[in-house]
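I have placed the structure first, in the form of C-alpha cells, so that the comments after it can refer back to it.
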Amino acid sequence: MLEKAKIVVEATREEIPVMYNPTELSLNRTVQVDGEGSNIQFQRSSADDLVVSLFFDSYDAKTDIRQQTDRIAALTMPTTGTGVRKEPPVVVFTWAGPLFTGIVTRLQQKFTMFLPSGIPVRAELTVTFKPVLTTQEDLASRGYFNCRQLWTVTENDRLYLIAKTTLGDAGQWRLIADENDIYDPLNFPRATDVGRTLVIVDTHDTGGGNA
C-alpha cells in the first residue's frame, strides 16, 4: 500500500495531505566560522533545513488548485501564542512516520496550468521547513558538547561555586553570567533556572565540572 506523505499541525493535529509524494527531499546545513587562514575557528553549525518539492494537479476535476495549496500557505501565517506573542505553527512532515518537526520559513508557489477562465489547476510548491530544537539539540548544533564544558543547574548552586569548580577561580563567576545571559546573578538560581544547562566559557585555567 502506498504511504502518502502529509503535514501535521502539532497544536491542532490537523492533517494536510500532499497530492503526490515528493520525488526528492533536500537537507541544507550551514556552518558559521570566524577568522581567516590558520586562525579560523568554528562558531556553530545550523541544524538542517528540510526543503520539499510538492506537485498538485486538479485539471481532471476542473477545480481551483488553490483549495489544496492554500492549506500549506496558511502555515506561513503566525498564530496566537502565549500572552500577546505571535508564533508560527509547528508542524511535523510525516512520511512512513514522523520525518521532520519544524516551522515553514519559505514557500514558493508556481502555477503552471490554467483553465480558460483563468483558474489555476496545476501548481508546484517548494516548501522550506526550519527545525524546532530542544535546548540540548540547540547546544549540540553550536558544538558545545564537543568543545565546551557544560553545567546543569541545581537549586543549591551559586555562580561563584560553579566558577570555582569548573574554572578553578571563584572570581570568574561573571564570565559565566555574561556567557549565559544571567542578568540578576545575586538571585541566581531562580526556580526557572533549575535544570538549565550553562555553558562554561573557554579559559586556560579549567577544572572539573559536573557536565
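Brief remarks on what is shown
A quick yes/no check of all residues on (1) polar (S, T, N, Q); (2) under 22 Å from LEU107 (Cα atoms); (3) in contact with a Pro (Cβ under 9 Å, 6 or more places away or on another chain):
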position: LYS4; (1), (2), (3): no, yes, yes
position: ASN21; (1), (2), (3): yes, yes, no
position: SER26; (1), (2), (3): yes, yes, no
position: ALA73; (1), (2), (3): no, yes, no
position: THR79; (1), (2), (3): yes, yes, yes
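The rows are residues; the columns are (1) of a type in the set (Asp, Glu); (2) closer than 22 Å to LEU133 by Cβ; (3) in contact with a His (Cβ under 7 Å, 6 or more places away or on another chain).
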position: ASN21; (1), (2), (3): no, no, no
position: GLU24; (1), (2), (3): yes, no, no
position: SER53; (1), (2), (3): no, no, no
position: ASP57; (1), (2), (3): yes, no, no
position: ASP60; (1), (2), (3): yes, no, no
position: THR94; (1), (2), (3): no, yes, no
position: PRO98; (1), (2), (3): no, yes, no
position: LYS110; (1), (2), (3): no, no, no
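- Members of segment 29-79 that are part of a helix (DSSP H, G or I) and more than 30 Å from PHE114 (Cα to Cα): GLY37, SER38, ASN39
- Every listed requirement among (1) hydrophobic (A, V, I, L, M, F, W, C); (2) at pLDDT below 95; (3) under 20 Å from GLU15 (Cα atoms); (4) not in a loop (DSSP other than H, G, I, E, B) is met by VAL127 save one, (2).
- Entry remark, segment 155-206: residues being in a helix (DSSP H, G or I) and of a type outside the set (Gly, Ala, Ser) number 20 in total.
- Pairing residues of segment 190-201 that are among the charged types (D, E, K, R) with residues that are assigned to a loop (DSSP other than H, G, I, E, B) and surrounded by fewer than 12 Cβ atoms within 10 Å (Cβ to Cβ), at Cβ distances under 9 Å and at least 6 apart in sequence or on separate chains, gives ARG190/ASP184; ASP193/GLU155.
- Any hit, segment 56-63, residues being surrounded by fewer than 16 Cβ atoms within 10 Å (Cβ to Cβ), over 15 Å from THR126 (Cβ atoms) and at pLDDT below 90: no
- Selection status of ALA96, closer than 30 Å to VAL201 by Cα and part of a loop (DSSP other than H, G, I, E, B): no
- Scanning segment 114-129 for residues that are surrounded by 13 or more Cβ atoms within 10 Å (Cβ to Cβ) and either closer than 20 Å to ASP48 by Cα or not small (Gly, Ala, Ser) (or both) yields PHE114, LEU115, ILE119, PRO120, VAL121, ARG122, GLU124, LEU125, THR126, VAL127, THR128, PHE129.
- Residue among THR30, THR12 that is closer than 23 Å to ASP138 by Cβ, modelled with pLDDT under 95 and surrounded by fewer than 11 Cβ atoms within 10 Å (Cβ to Cβ): THR30
- Verdict on ARG142 being of a type outside the set (Phe, Trp, Tyr), over 27 Å from LEU25 (Cα atoms), at pLDDT below 90 and crowded, with 16+ Cβ neighbours inside 10 Å: no
The values are calculated or read from the model by the stated rules, or taken from the named source; none is laboratory data. What you see is a predicted model; the values in this text were computed from it and never measured. Using ideal geometry, Cβ is built from the backbone for each residue, glycine included, and neighbour counts are taken over all protein chains shown.
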